[in-house]
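The values are calculated or read from the model by the stated rules, or taken from the named source; none is laboratory data. Note that the structure is a prediction, hence the values are computed from the model and not measured. Neighbour counts run over all protein chains shown; Cβ positions are idealised from the backbone, glycine included.
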Amino acid sequence: MTEVSLGFRALAAHRDALKRRGTVLMLPGRAYSCEMPLLAQTTRALRSDGWVVLQAEWHLEGLPHDPRGFVERAAAQLDAVERQTGPVLVVAKSLGTLAAHWSAERGYPAVWLTPIFRASGLHPMPAESEALKQRIRTYPTDNLVVGGTQDPLWVNGFTGRGEVIELPGADHALETGSMVASARDHRATAAAVVDFASKIG
């Protein structure tokens, strides 16, 4: 087990952003914090485009006993933070994508980065993975899904109601064996997230 601590960090939109858009609820992976490359770059891009980003912070020694319940409590904590008026966008990676059921109930548009569609490795959650795959496949509002073809937790060729981006050769961190290619994929993902977000905010 598991939950060592649970908190959040609030990051304001950049002052030079041309428009104030809304609030992002960002939920990281089990061992992939919001300060790691993909989420850090995505955060910078969203803030530059006028979004306030509320980041969940947790420190886990392993999977929580109730992974979905843990992530939903973190999402609810972010959602309860006093914020400006405007749309709410969920951006989640890996373990954080278990918030899909919670966010669907609230009608929040969402970005799902490397969702856990298969039970494997550090994420042995067959029931949660199957339910998550079905929830995202039929997600009731706008959503963007990003995965890599070398990610053992991803289902190659996945389709759903939302937009799907599949990165050839990318693993669960959306990285390849090439530092240059990995940085390019992270930039492209952050740009795709901002483009998606601009359509709702």
(Q) I want to confirm something. Restricting to the range 155-201 and keeping residues that are basic (Lys, Arg) and not in a loop (DSSP other than H, G, I, E, B), which single residue is nearest to Ala92 (Cα to Cα)? (A) Arg187
Q) Does any residue in the range 102-117 that is at negative phi and surrounded by fewer than 24 Cβ atoms within 10 Å (Cβ to Cβ) come within less than 9 Å, Cβ to Cβ, of a residue that is part of a helix (DSSP H, G or I) and aromatic (Phe, Trp, Tyr) six or more places away or on a different chain, and which pairs are these? A) Tyr108/Trp102; Pro109/Phe196
(Q) I'm checking my understanding of the structure. Among residues of the range 103-137 that are modelled with pLDDT of 95 or more and of a type in the set (Lys, Arg), which one is nearest to Ala75 (Cα to Cα)? (A) Arg106
Q.
For the range 77-93, check the following and say yes or no: at least one residue is charged (D, E, K, R), under 24 Å from Ala188 (Cβ atoms) and surrounded by 15 or more Cβ atoms within 10 Å (Cβ to Cβ).
A. yes
Q.
Of the residues Val53, Val71, only one is β-branched (Val, Ile, Thr), closer than 26 Å to His186 by Cα, modelled with pLDDT of 95 or more and not in a helix (DSSP H, G or I); which?
A. Val53
(Q) Looking at the range 60-73, I want the residues that are closer than 15 Å to Ala100 by Cβ and have a partner that is charged (D, E, K, R) and crowded, with 20+ Cβ neighbours inside 10 Å with Cβ atoms under 7 Å, at least 6 apart or on another chain. Which pairs are those? (A) Pro67/Glu128; Arg68/Glu128
Q) Is there any pair with a first residue in the range 31-43 that is over 21 Å from Leu63 (Cα atoms) and a second that is modelled with pLDDT of 95 or more and not charged (D, E, K, R) whose Cβ atoms are under 6 Å apart and which are 6 or more apart or on different chains, and what are they? A) Pro37/His186; Leu38/Leu174; Leu38/His186; Gln41/His186; Gln41/Ala190; Thr42/Ala190; Thr42/Val193; Thr43/Val53
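Per-residue answers, yes or no, for (1) in a loop (DSSP other than H, G, I, E, B); (2) small (Gly, Ala, Ser); (3) without any contact (Cβ under 8 Å) to a residue 24 or more places away in the chain; (4) more than 18 Å from Ala192 (Cα to Cα):
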position: Leu95; (1), (2), (3), (4): no, no, no, yes
position: Ala131; (1), (2), (3), (4): no, yes, no, yes
position: Leu144; (1), (2), (3), (4): no, no, no, no
position: Leu153; (1), (2), (3), (4): yes, no, no, yes
Q. Which one is farthest from the chain's Cα centre (by Cα) among residues in the range 72-98 that are within 18 Å of Ser33 (Cβ to Cβ) and of a type in the set (S, T, N, Q)?
A. Gln77
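Listed here are the residues, each with its yes/no results for (1) over 20 Å from Val146 (Cα atoms); (2) in a helix (DSSP H, G or I); (3) of a type in the set (Val, Ile, Thr); (4) modelled with pLDDT of 95 or more.
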position	(1), (2), (3), (4)
Gly7	yes, no, no, no
His14	yes, no, no, no
Lys19	yes, no, no, no
Thr42	no, yes, yes, yes
Pro64	yes, no, no, no
Leu89	no, no, no, yes
Ala99	no, yes, no, yes
(Q) With the requirement that a residue be part of a loop (DSSP other than H, G, I, E, B) and within 14 Å of the chain's Cα centre (by Cα), what does the range 105-116 give you? (A) Tyr108, Pro109, Thr114, Pro115, Ile116
Q | Which listed residue is basic (Lys, Arg) and more than 17 Å from Leu6 (Cα to Cα), from Arg68, Arg83 | A | Arg83
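Here's the yes/no breakdown for (1) under 16 Å from Ser94 (Cβ atoms); (2) aliphatic (A, V, I, L, M):
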position: Arg30; (1), (2): yes, no
position: Val52; (1), (2): no, yes
position: Gln55; (1), (2): yes, no
position: Val71; (1), (2): yes, yes
position: Gln77; (1), (2): no, no
Q: Sort through His101, His65, His59, His14 and tell me the only one that's under 19 Å from Tyr139 (Cα atoms) and over 11 Å from the mean Cα position of the chain (by Cα).
A: His101
**Q.** Check on Leu46, within 22 Å of Thr141 (Cβ to Cβ), of a type in the set (A, V, I, L, M) and in a helix (DSSP H, G or I)
**A.** yes
